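Below is one structure, written out as structure tokens, with a few remarks after it.
A short reminder: the numbers here are calculations on the coordinates, not readings from a lab. These figures come from a predicted structure and were not determined experimentally. Please note: Cβ atoms are built from the backbone with ideal geometry, for glycine as well, and neighbour counts cover all protein chains shown.
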Amino acid sequence: MFREELAPDAGMLFLFDREAPRSFWMKNTLIPLDLIFIDRAGVIVSITRDAVLHDETPLPSGAPASAVLEVSGGTTVELGIAEGDLVRHRAFED
């Protein structure tokens, strides 16, 4: 929240102790973001593209997730990131 910029090659990874349905909102969000919901195995379960700034409408994962990766708005389209893709990071199961 309140972040005024995000480098094109950066993101914010939110990790949770357990996998569960997740929901984020964009209250106090000043920059366009894509939200990538990821399960404990590192599989992308859903993507919210170009979330509406300052909106308090819940953005649900649609499936259990153990992490959310926020990247600059448009990044998922630009890089061809899609549901079912695998995210490789030490936080996820091998």
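List of remarks:
- Taking the C-alpha atoms of the range 11-79, convex hull volume expressed per residue in Å³: 78 Å³
- Under a 5 Å amide H cut-off, with hydrogens placed 1.01 Å from N, Leu30 pairs with Phe2, Arg3 among residues at least 5 apart or on other chains.
- Charged side chains reduced to their Cβ positions (Lys and Arg at +1, Asp and Glu at -1) give the chain a dipole of some 220 debye around its Cα centre.
- Relative contact order for the chain, counting Cα pairs under 8 Å that sit 6 or more residues apart, in percent: 36 percent
- In order along the range 58-64, the Karplus-derived 3J(HN,Hα) couplings, from 6.51 cos²θ - 1.76 cosθ + 1.60 at θ = phi - 60°, round to x, 10, x, 6, x, 7, x Hz, and Gly and Pro are given as x.
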